[in-house]
Each structure stands twice: as structure tokens, then as C-alpha cells.
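Reviewing the structure listed below.
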Amino acid sequence: GTFVTDRVRTKEQTLFVAVDPSGKILDVRLISFFEPEEYRPPDRWLALLKGKSLNESLQPGKDLPAMSGATLTAGATSDTVRMVLALVKAKL
């Protein structure tokens with residue numbers, strides 16, 4: 001798996017993203033989150049990323065449910081996960 005820190009709005013979050021050898025997400029865990037708590041992505045939303053691959057769109061509000069009041073968190077999280085998938089694919 002890979003730990004990655006990104007900026008959500010003005011503060012950072014750190015995710016752990018596990019990817020299987022075929023390039024599919026095994027798990028996404030929120031390790032730290034410094035934005036206000038109401039913007040924190042719920043575990044059930046992160047679980048929706050399991051099984052996704054780089055070939056699939058991960059656009060919140062279209063391919064994934066929107067997070068009411070946390071649009072920037074959803075976008076930052078899906079962008080970061082796609083970046084990890086791209087890095088893993090480049091290494092394979």
C-alpha cells in the first residue's frame with residue numbers, strides 16, 4: 001500500500017491506498033484529516049472505492065455519490081486515489 005498526503009481545501013489529509021497486482025483498489029483508509037470534522041469523508045464513502053481501477057472514472061457526483069457539504073474533500077480524495085492508481089500502473 002501507499003501513504004499519500006494531499007491538500008483538501010486549506011489543510012491536509014493523509015490516505016492509505018492499497019492496490020492489488022491487477023491495479024484494483026483493495027482498501028482506502030483515512031489516516032489523518034485536518035480540515036473541520038464535518039468535511040471528513042465517511043468510511044462508507046471510502047469503501048465505495050474498493051474494486052475500482054484506473055480505467056474507471058471516479059468523479060464524485062457522477063461515478064461516486066457526492067458528499068453533501070464536502071465537495072472539495074470528495075474531489076481531493078478521488079484525485080489522490082487516481083494518482084496512486086496511475087503510479088502503481090507505471091511501476092507494474
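Hey, what number do you get for the chain at 222 nm if only DSSP H runs of n ≥ 4 count, each worth -39500 (n - 2.57), divided across all residues, to the nearest 500?
Mean residue ellipticity at 222 nm (helix-derived): -9000 deg cm²/dmol.
Which entries in the list Lys52/Lys91; Lys62/Lys91; Lys11/Lys89 go over 24 Å, if you measure between the two C-alpha atoms of each?
Details: Lys52/Lys91 18 Å; Lys62/Lys91 29 Å; Lys11/Lys89 28 Å.
Exceeds cut-off: Lys62/Lys91; Lys11/Lys89.
Given all pairs of different Cα atoms, what value in angstroms does the Kirkwood hydrodynamic radius of the range 52-92 take? Show your work: numbers first, answer last.
Details: mean 1/r = 0.0937 Å⁻¹.
By the Kirkwood definition, the hydrodynamic radius is 10.7 Å.
In Å³ and rounded to a whole number, note down the convex hull volume per residue for the Cα atoms of the range 2-91. Mind dumping the intermediate values first?
Working: hull volume 7.1 nm³, N = 90.
Dividing the Cα hull volume of the range 2-91 by its residue count gives 79 Å³.
Mind listing the phi-derived Karplus ³J(HN,Hα) values for the range 5-21, rounded to whole Hz, using 6.51, -1.76 and 1.60 with θ = phi - 60°, and x for any glycine or proline?
After applying 6.51 cos²θ - 1.76 cosθ + 1.60, I find 10, 9, 8, 8, 10, 10, 10, 9, 10, 10, 10, 10, 10, 9, 10, 7, x Hz.
Quick note: the coordinates plus some simple rules give every number you see, no bench work behind them. These numbers were taken from a predicted model, which means no experiment stands behind them.
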